[in-house]
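What follows draws every value from the coordinates through simple rules; no lab data is involved. Keep in mind that what you see is a predicted model, and the values were worked out from it rather than measured. Neighbour counts run over all protein chains shown; Cβ positions are idealised from the backbone, glycine included.
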Amino acid sequence: MARTKQSPELEIELGGELYVWRLHRRPQWSSDPSESRGPAIAVRHREGQREAVLEFPPGPRPRYGAPQLQASQIPPALVARAIASAIDAGWEPLSRGKPVTVVVDATGA
């Protein structure tokens, strides 16, 4: 059976509520800019089960040999703004159902 590597889960508090998040996808670049994909984080309420996948824009292409993005490199303030944007967009963290995908800008809004 194959093992999958999953990012460690990190906690963040927003409005007195605890959320758990992890790096869902690292940035992926292509020679065709329309096919490039930015990083995405998966977020859920500490006591809930419905996830929101927050997708960020790809940003500039890193130099050759640069280390890959790690979850610990993402600023907590950016994660907090992105979670707030997902809630404003209609994500209900304590509801049940399929994961919701929310596209945010580079500032998390």
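Overview of results
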| item | result |
| --- | --- |
| ³J(HN,Hα) computed for each position of the range 28-45 - Karplus, 6.51 cos²θ - 1.76 cosθ + 1.60, integer Hz, glycine/proline x | 10, 10, 9, 5, 9, x, 6, 9, 6, 10, x, x, 9, 10, 9, 10, 8, 5 |
| Extension gain (nm, one decimal) between residue 70 and residue 107, 0.36 nm per residue minus Cα-Cα | 11.5 nm |
| The range 84-109 versus the range 29-56: alpha-carbon centroid distance in Å | 10 |
| Dipole magnitude (debye, nearest 20) for the chain, charges at Cβ of Lys, Arg, Asp, Glu | 480 |
| Amide H within-cut-off set for residue 100, under 5 Å, with H built and near neighbours excluded | 51, 52, 53 |
| Estimated 222 nm signal from helices in the chain, with DSSP H stretches of n ≥ 4 weighted -39500 (n - 2.57), rounded to 500 | -4000 deg cm²/dmol |
| Chain lengthening between residue 61 and residue 36 when straightened (0.36 nm per residue, less Cα-Cα) | 8.0 nm |
| The chain - Rg (one decimal) and Dmax (whole number), Cα, Å | 14.4, 43 |
| Note, ³J(HN,Hα) from phi for the range 13-19, Karplus 6.51, -1.76, 1.60, rounded to Hz, x at Gly and Pro | 9, 9, x, x, 10, 8, 10 |
